Amino acid sequence: MPYQMFHDLYPALAERETRCITVTSRAKLDLPTGDYFFHEMYCNDQGCDCRRVFFFVVSSVRKDVEAVVAWGWEKPAFYEKWLGDDKLNDKLDLKGPSLNLMSPQTALAPALLNLAQNLLLRDPDYVARIKRHYRLFRDKIDGKSRGKSKRGAAIQRTALGSVKTSMKKLTAESAEYAEKKRKENRSRAGKRKQNDNSPSIENMKFRQEKN
Ligand SMILES: [Zn+2]
C-alpha cells in the first residue's frame, strides 16, 4: 500500500485544511516550542479500501519530518478482517494510532504520537474531516466509473516521484509559514499577554495570501 500526500491530489483543499498545532513553552508536552504540521497521506492502491491515514509530521524547529503516525478510524475487527490474520494485525497495529515502523522517526516521535492521540484525534470535527479527505482521495484514485481506471493507473505510476517532490515542497512551505507566524506573534506579544497553557490548533493557511 503506497501512500501519497493528500496535497498532491487536492492542493487547494490541503492548504486550507491541514492542521497545525502550536506548542508553547508552558504546554509541558515534551516537545520544543514550535509549530507542528500534520500533513495527511492516504493509500493510492487502486481498488483498496484500507481506511487509514498517515500523518507526516513536520516541525518548524528542525524544518523537517519528525514522525509518521498511522491511524485507522474503523473498529479493530475491520482491520483484522481486512488483513485476514488476527496475529499479524496485533503485530502491525493497523488501527493505531501508532508510529509507522517503516517510516523515519525522530526522538520527538513518541511525544508527537501522544499529541495526535490525546489532542488531534479527540476532535470529532477533525476526525470527520479526515474521513472526508479519505473519500475524496479514494474517488480520485479509483475514478467514478471503471472506464476511468487508466487515469488512476497513471496517478499510481507517478505517485512515488510526486511524493518525494511534494514532501520537500511542503516541508519548505511549512517552515516558511511558521517563520511568518512567529514574526506576527512577536509583534503582538507586547499588546497581549499569553496565559493559555494549552497548545493552539489551527488550519495551515500558509499560501492563502498568494492566491
Ligand atoms: Zn490501502
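Approximating the spin labels as points 7 Å out from Cα along Cα→Cβ, the TRP73-to-LYS28 distance works out to 3.2 nm. Overall, the anisotropy analysis places segment 1-114 in the oblate class: the square-rooted eigenvalues a ≥ b ≥ c of its C-alpha gyration tensor yield a/c not less than 1.5, with a/b not exceeding b/c. Spacing of the modelled spin labels on TYR126 and GLU184, each 7 Å from Cα toward Cβ, amounts to 1.9 nm.
Extension gain, ASN114 to LYS63, is 16.3 nm, computed as 0.36 nm per intervening residue step minus the present C-alpha separation. Spin-label point model (7 Å from Cα, Cβ direction): what's the GLU176 to LYS81 distance in nm? Each label point lies 7 Å from its Cα, and together they span 4.5 nm. Around ILE130, what is the net charge, scoring Lys/Arg as +1 and Asp/Glu as -1 over all other residues with Cβ under 13 Å from its Cβ? That sum, taken over residues with Cβ under 13 Å, equals +4.
The stretch between GLN46 and SER103 holds 18.3 nm of extra length on full extension. This uses 0.36 nm per residue minus the Cα-Cα distance.
A full extension of the chain between ARG16 and LEU136 corresponds to an added length of 41.7 nm, given 0.36 nm per residue minus the alpha carbon distance.
Using the Karplus relation 6.51 cos²θ - 1.76 cosθ + 1.60 with θ = phi - 60°, the per-residue 3J(HN,Hα) values for segment 56-68 come to 9, 8, 10, 10, 7, 6, 8, 6, 7, 6, 10, 6, 10 Hz, with x marking Gly and Pro.
Amide hydrogen proximity for GLU66: with H placed 1.01 Å from N in the peptide plane, the residues at 5 or more positions away or on another chain lying under 5 Å are VAL57, VAL58, SER59. The ranking of TRP82, TRP71 from fewest to most other beta carbons within 10 Å of each one's beta carbon is TRP82, TRP71.
Ordered by the number of other Cβ atoms lying within 10 Å of each residue's own Cβ, fewest first, GLU173, GLU179 fall into the sequence GLU179, GLU173. Around the amide H of ARG19, modelled in the peptide plane, lie the amide H atoms of PHE38, MET204, all under 5 Å away and 5 or more residues distant in sequence or on another chain.
Where a number appears in this text, it was derived from the coordinates with a stated rule and is not lab data. In this text, all values refer to a predicted model and were calculated from it rather than measured experimentally. In this analysis, Cβ positions are derived from the backbone assuming ideal geometry, glycine residues included, and neighbour counts consider all displayed protein chains.
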